[in-house]
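Okay, so here's the structure we're looking at.
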Amino acid sequence: MVNFGKKVVKYKTAILIAGILLLIPSVWGYLHTRVNYDVLTYLPEEIETMEGQDIMVEDFGTGAFSMFVVDGMENKDVAKLKERIEAVDHVKNVLWYDSVMDLSVPESMLPDELYEVFHSDTGTMMAIFFDDTTSSDGTLEAVKEIRHIADKQCFLSGMSGIVLDTKELSEKETPLYVLIAVILSTVVLGLTMNSFFIPILFLLSIGMAIVYNLGSNIFMGQISYITKALAAVLQLGVTMDYSIFLMHSYEEQQARYEGDKKRAMAHAISQTFSSVIGSSITTVAGFIALCFMSFTLGLDIGIVMAKGVILGVIACVTILPSMILCCDKVIEKTKHRPILPDIGRISAKVTKYYPVYVAIFLVLLGPAVYGNHHTGVYYKLDDSLPGNLPSITANTKLNKDYHMNTTHVLLMKSDVSSADVGRMIKKIEKVEGVKWALGLHSVIGPGIPADMLPESAAEMFRTDDYQMVMVNSEYEVATDAVNRQIDQINDITDEYDKDAMLVGEAPLTKDLIDITDKDFRTVSVVSIGIIFVIILILFRSLTLPVILVGIIEFAIFVNMGIPYYAGTKLPFVASIVIGTIQLGATVDYAILMTTRYKRERSRGAAKQDAITTAHKASAQSVIVSALSFFAATIGVGFYSNIDMISSLCILMARGAIISMFVVVFILPSMFMVFDR
């Protein structure tokens, strides 16, 4: 690798020019990569609820619907508003009571079910059907246009509104995530490095790698908004270690090859590449483990972040060395004494008082494991958003005035008789928490001949192959009550049509709960297994992988257990991915110290001396790396108004600090106990 380092040094200017030119296609790719703001679309395509969504689009020509509440408006004005909404692109149909009969007909002639659905004491409600899926660009544009048409008396609820609000909030905040991470990382590096200019070079080289990563996402077609929001911040935090390792190695080599900075950098690149390969492989392995999730949001995050780590390593051994050599004079002029005290002074005390740290480990282990297994999670997507957003306000209004929380869509074969459908609807309406069930049978009613129903209204509920029934629930999404309700409705529909499907937000979320519960176990086993094998190969020892993975898992248990004792719930994504991210991103702290410890033992040093030397040589780097990771994520965690992102960043920031303390104090103590 020294020859590779010499090539980098020789062609440093060409490397920088090539690096800058590569930013052009990368920026283009970034700007043209579609962002998906609906996490439910990452459920497996083969499950019944997702197949039902496809049937809605293919047979009924509608993939999404929203409830639209209008307060204090006369019927004739509501009808005019309905006409304007029907004219909006991607609005397929609007169902209100004038869809069934003319406004001149007395409301008393309406079927009771229809009247109760669309009226409350304060106003009226209509159902808007879109011709595309919940999170498609067309549907989101239609929602935006409907909001523009409506006034303050109107409220548009539904998943598409939530997706639009998530998109607008995320687009507004994401650039600030990067800015906050950069500012805080610069502060930490300025305090811990010996030059005020070095942090700027670190951030520039990592920033270029981040742009390459985000630009190359165009080959994936689209990425989730969670991936987009976290990718830059997480890549900055994870790959900062490599830049720090390079700089420390360069300074060591300068002492060895005094006066020959080019040779020193060539050897520093060689050493850094050898050191970083081991730690980066474990980090990549952690992200690859996410790809084993059947909920493919894990695949989305895993691929983007694994790619980001690889690009970060490449930038660290090519672009950063070129920048450092080109800016050598500026670096020398801005040198200062590091403000962070020499942590090496505590090394002897750590090994001397190791029983204390072992005791702390044993005392915390039980509560940490218990808290980790009992931390509550939530799956209701709008719970992660601020309460003042239009979609959340509309959902609250819908619940308050119409006692509606969510609407299921029941799809049945069209050959099920009207009589059977009528009996089935009556049974469904008796299920606890069902407010109403509305199908073609309900719309026609006993007093209205079928041929009086407009064709457009009939098409909303029936096609050549399928018929649709809308079932409204008083229960919130992702609750045990609504999940029981879904099971009961499925039992009833099976009596009339074994192929019937129940789709909508609540059934999709129920599947999400079941699938991610399995994914959590799969990802945990895979990530631990892969990293265990990597450490086994790296150190050729059976006990060291157990110790290293064990103490990082302990740090994860402590991190994930804190919310339980604090009485807070986490978004479901956090509970699945944080363990893998923390394991992959911070196990290299343990590998760094273990590598030096093994080297000292192989040279014949006594156990305590080897551990003290390894601790003295490694603790400073571990602390700087952890603090830079903490800085890159904590600001975003406190700033973000999207709890899904805020919780993940706070967990990652706290996890880095906990892992740091565990590696600095508990890992050396474990070596003292198990090195016989």
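Data table
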quantity: Residue in the range 158-171 that is assigned to a strand (DSSP E or B), open to solvent by less than 30 Å² (accessible area, probe 1.4 Å) and either within 30 Å of Asn399 (Cβ to Cβ) or acidic (Asp, Glu) (or both) present; calculated: no
quantity: Check on Val443, part of a helix (DSSP H, G or I), more than 16 Å from Thr62 (Cα to Cα), at pLDDT below 85 and open to solvent by less than 10 Å² (accessible area, probe 1.4 Å); calculated: yes
quantity: Single residue of the range 446-480 satisfying the filter (assigned to a helix (DSSP H, G or I) and of a type in the set (D, E, K, R)) that is modelled with the highest pLDDT; calculated: Asp480
quantity: Any hit, the range 573-595, residues being open to solvent by 60 Å² or more (accessible area, probe 1.4 Å) and either part of a helix (DSSP H, G or I) or in contact (Cβ under 8 Å) with a residue 24 or more places away in the chain (or both); calculated: no
quantity: Of the criteria (1) buried (at least 17 other Cβ atoms within 10 Å of the Cβ); (2) assigned to a helix (DSSP H, G or I), which one Phe292 fails; calculated: (2)
quantity: Residues of the range 144-157 satisfying the condition of being hydrophobic (A, V, I, L, M, F, W, C), assigned to a helix (DSSP H, G or I) and open to solvent by 20 Å² or more (accessible area, probe 1.4 Å); calculated: Ile149
quantity: Lys262, sole failed condition from (1) within 26 Å of the chain's Cα centre (by Cα); (2) over 19 Å from Leu311 (Cβ atoms); (3) of a type in the set (Lys, Arg); calculated: (1)
quantity: First in the range 206-230 and in contact (Cβ under 8 Å) with a residue 24 or more places away in the chain, second anywhere and surrounded by fewer than 21 Cβ atoms within 10 Å (Cβ to Cβ) and among the aromatic types (Phe, Trp, Tyr), Cβ under 6 Å, 6 or more apart; calculated: Leu214/Tyr30; Gly215/Tyr30
quantity: Selection from the range 509-521 of residues that are open to solvent by 30 Å² or more (accessible area, probe 1.4 Å) and at pLDDT 90 or above; calculated: Lys510, Asp511, Ile513, Asp514
quantity: Any hit, the range 39-55, residues being of a type in the set (Ser, Thr, Tyr) and part of a loop (DSSP other than H, G, I, E, B); calculated: no
quantity: Residues satisfying the stated conditions in the range 217-234, i.e. part of a helix (DSSP H, G or I), open to solvent by 30 Å² or more (accessible area, probe 1.4 Å) and of a type outside the set (A, V, I, L, M, F, W, C); calculated: Lys228
quantity: Hits in the range 407-417 - residues which are open to solvent by 10 Å² or more (accessible area, probe 1.4 Å) and closer than 22 Å to Phe129 by Cβ; calculated: Thr407, Lys413, Ser414, Val416
quantity: Residue match in the range 545-552 (condition: in contact (Cβ under 8 Å) with a residue 12 or more places away in the chain, of a type outside the set (Ser, Thr, Tyr) and touching a strand residue (DSSP E or B) at 6+ places or on another chain (Cβ under 8 Å)); calculated: no
quantity: Selection count where residues are open to solvent by less than 10 Å² (accessible area, probe 1.4 Å), among the hydrophobic types (A, V, I, L, M, F, W, C) and more than 15 Å from Ala229 (Cβ to Cβ), scope the range 624-646; calculated: 4
quantity: Ala506 being at pLDDT below 95, under 15 Å from Asn405 (Cα atoms) and assigned to a helix (DSSP H, G or I); calculated: yes
quantity: Test for Asp89: is it modelled with pLDDT of 90 or more and either assigned to a strand (DSSP E or B) or among the charged types (D, E, K, R) (or both); calculated: yes
quantity: Any chance Ile535 is under 30 Å from Val276 (Cα atoms) and open to solvent by less than 60 Å² (accessible area, probe 1.4 Å); calculated: yes
quantity: Matching residues in the range 64-80 - criterion: being buried (at least 23 other Cβ atoms within 10 Å of the Cβ) and not hydrophobic (A, V, I, L, M, F, W, C); calculated: Ser66
quantity: Selection within the range 374-411 - among the acidic types (Asp, Glu) and touching a strand residue (DSSP E or B) at 6+ places or on another chain (Cβ under 7 Å); calculated: Asp401
quantity: Among the candidates Ile562, Ile528, Ile489, residue that is open to solvent by less than 40 Å² (accessible area, probe 1.4 Å) and of a type in the set (A, V, I, L, M); calculated: Ile489
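One line per residue, one yes/no per condition, for (1) in contact (Cβ under 8 Å) with a residue 60 or more places away in the chain; (2) among the basic types (Lys, Arg):
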residue: Met305; (1), (2): yes, no
residue: Ile310; (1), (2): no, no
residue: Thr318; (1), (2): yes, no
residue: Leu325; (1), (2): yes, no
residue: Lys329; (1), (2): no, yes
residue: Ile346; (1), (2): yes, no
residue: Ile360; (1), (2): yes, no
residue: Ala368; (1), (2): yes, no
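The values are calculated or read from the model by the stated rules, or taken from the named source; none is laboratory data. Note that this is a predicted model, so its numbers are computed, not measured. No Cβ is skipped: glycine too gets one built from the backbone with ideal geometry, and neighbour counts run over all protein chains shown. Note: areas computed on protein heavy atoms with side chains; ligands, DNA, RNA excluded. Shrake-Rupley method; radii C 1.70, N 1.55, O 1.52, S 1.80 Å.
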